[in-house]
1. I'd like the accessible area for K102, computed on protein heavy atoms only with a 1.4 Å probe and all protein chains in place. Round to 10 Å², please.
2. Treating only the Cβ of Lys, Arg, Asp and Glu as charged (+1, +1, -1, -1), what charge dipole size does the chain show about its Cα centre? Round to the nearest 20 debye.
3. Using only C-alpha atoms and all pairs of different ones, pull out the Kirkwood radius for the chain in Å with one decimal.
4. Decide, for region 23-70, between rounded, prolate and oblate: order the square roots of the alpha carbon gyration tensor eigenvalues as a ≥ b ≥ c, take rounded if a/c falls under 1.5, and otherwise choose prolate if a/b is larger than b/c, else oblate.
5. Multiplying the sequence separation of Q79 and H34 by 0.36 nm and subtracting their Cα-Cα distance, what value in nm do you get?
6. In region 11-104, what GluC sites (Glu not before Pro) fall in a loop by DSSP, with at most 16 other Cβ atoms inside 10 Å?
Amino acid sequence: MQQLTPLAAYSDLAFDWSIVINEGAAGLTTIRQHLAATLSDCLAAHVTILCRPAMFFLIIHDHRQKVTIPGHIYPGTEQPYEIQLDGWPVNNSTAFMTIIHKYH
């Protein structure tokens, strides 16, 4: 039987991702450990986030695979920052998880 992810993990994810959208790379640097732990719970995999100015790498690995997904942070027009994950817009936590699930 598959273990279900607690709803609290998705609530934490939405909060963490809103920090990234509002604060950009500085926000991601601040919450990256908590975000990685939350994603680890959601994906049942180990997650590492490497940060660089305006860019980050999301590394997901479990017993089957290891995937690295590049992300970019741009000044936003409709919100403070626009976020892309491998070229896909991920400006909310739902879009973020949708793109991650394409790779994991």
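1. 120
2. On the way: 5 positive and 8 negative charges, 68 e Å.
Value, rounded to 20: 320 debye.
3. Values: mean 1/r = 0.0733 Å⁻¹.
About 13.6 Å, per the Kirkwood formula over Cα pairs.
4. On the way: a/c = 3.55, a/b = 1.63, b/c = 2.18.
Judged from the Cα gyration tensor, region 23-70 comes out oblate (a/c at least 1.5, b/c at or above a/b).
5. Working: separation 45, 0.36 × 45 = 16.20 nm, distance 2.28 nm.
Contour length minus Cα-Cα distance gives 13.9 nm.
6. Details: sites: E23, E78, E82; in loops: E78.
Those satisfying the criteria are E78.
The values are calculated or read from the model by the stated rules, or taken from the named source; none is laboratory data. Everything numeric here is computed off the predicted structure, so don't read it as measured data. Cβ sites come from the backbone with ideal geometry, for glycine too, and all protein chains shown count toward neighbours. Each accessible area value is taken on the protein alone, full model and side chains, heavy atoms only, with ligands, DNA and RNA left out. Shrake-Rupley method; radii C 1.70, N 1.55, O 1.52, S 1.80 Å.
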